[in-house]
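The values are calculated or read from the model by the stated rules, or taken from the named source; none is laboratory data. Source: prediction; values computed, not measured. Every residue, glycine as well, gets a Cβ built from its backbone with ideal geometry; the counts of neighbours run over all protein chains shown.
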Amino acid sequence: MRILMIGDVVGEPGLAALETLLPPLRRECSPRLTVVNGENAAEGFGLSEASYRRILAAGADVVTSGNHVWEKRDFWPLLESESQLLRPANYPPGTPGKGLCIVETENAPPCVVINLQGREFMGAIDCPFRAFDRLLESPELAGLEKKIIVVDFHAESAEEKEALWFYVDGRAALAAGTHTHVQSADARVLKGGTGCISDLGMTGIVDGVLGMDKGSCLNRARSQVLYKMECAKEGAPALQGALAEIDGETGRALSLRAINVRAPETSS
């Protein structure tokens, strides 16, 4: 079976790129599960109900997120009501939403999608390593003899990501990093059978700075003044992510390769 994971969707250009590029990619690859990180879909920061619905309509089975999911307070109720929407599981108890969902797949074991967030150079939240263990031992998974476990680890540090890959090796089929918006070149399968990549990259205009307008980002970097960042409007949109081939019997990855699809350049 194939699993497709797509990197952070950034603003309107990212949504448009997803709507244009994901459907033909799904037809070509025929994934059993498609996971899209949407935490920057609403104007580059957070999620709105409209952007979330567009991601689902484009072909996502599960929408993951990260630290920016809290940007739009009126979106929080959807974290409670939407079964296909995740926030990192290692936020403290009582935080809206959930970090795990189970997706039934035809003629294959169910897929368990887990969303975690790193702590190095990020907010001080609960331990993602212990959270992974806790979720595996949860009542939701107790009755699943066979399952395909997929992890979106939303983290800044490549060191922390690689440490988690080795921690989950042999227990997760696929573990992918998000958050940096820069696709890494380290897609591989570990000895225990876990496919991993440090960062899926992003979906949006790649001729900006992490999908944002070059001018505002240059002003911030040069002056150290927090000028407002806005999504890039001109340049080449791309859809980046990774495609894994998974053995449905063993729950191990057979292969993993990065995906980087470009759309025609846009201009305002």
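When the test is whether a residue is in contact with a helix residue (DSSP H, G or I) (Cβ under 7 Å, 6 or more places away or on another chain), closer than 17 Å to Glu12 by Cα and buried (at least 17 other Cβ atoms within 10 Å of the Cβ), Thr194 does not pass it. In this entry, Val69 is excluded by the filter for residues that are under 25 Å from Met1 (Cα atoms) and under 16 Å from the mean Cα position of the chain (by Cα).
Across the range 2-30, what is the total count of residues that are outside any helix (DSSP H, G or I) and surrounded by 21 or more Cβ atoms within 10 Å (Cβ to Cβ)? The total comes to 8.
How many of the residues making up the range 94-127 are crowded, with 19+ Cβ neighbours inside 10 Å, among the hydrophobic types (A, V, I, L, M, F, W, C) and touching a Lys or Arg at 6+ places or on another chain (Cβ under 8 Å)? Number of matching residues: 2. Tell me whether the range 63-86 contains one or more residues that are crowded, with 18+ Cβ neighbours inside 10 Å, over 15 Å from Ala238 (Cα atoms) and without any contact (Cβ under 8 Å) to a residue 24 or more places away in the chain. Taking every residue of the range 63-86 in turn, at least one turns out to be crowded, with 18+ Cβ neighbours inside 10 Å, over 15 Å from Ala238 (Cα atoms) and without any contact (Cβ under 8 Å) to a residue 24 or more places away in the chain. Of the strands (runs of 3 or more DSSP E) lying entirely inside the range 160-268, those containing at least 3 residues that are closer than 27 Å to Phe129 by Cβ, out of contact with any Phe, Trp or Tyr (no Cβ under 6 Å at 6 or more places or on another chain) and modelled with pLDDT of 95 or more are 174-178, 237-247, 252-262. Could you count how many residues in the range 199-219 are under 12 Å from the mean Cα position of the chain (by Cα) and surrounded by fewer than 24 Cβ atoms within 10 Å (Cβ to Cβ)? Number satisfying all stated conditions: 0. Considering only the range 23-34, I want to know if a residue exists there that is touching a residue at least 12 places away in the same chain (Cβ under 8 Å) and touching a Phe, Trp or Tyr at 6+ places or on another chain (Cβ under 9 Å). So far as the range 23-34 goes, no, none of its residues is touching a residue at least 12 places away in the same chain (Cβ under 8 Å) and touching a Phe, Trp or Tyr at 6+ places or on another chain (Cβ under 9 Å).
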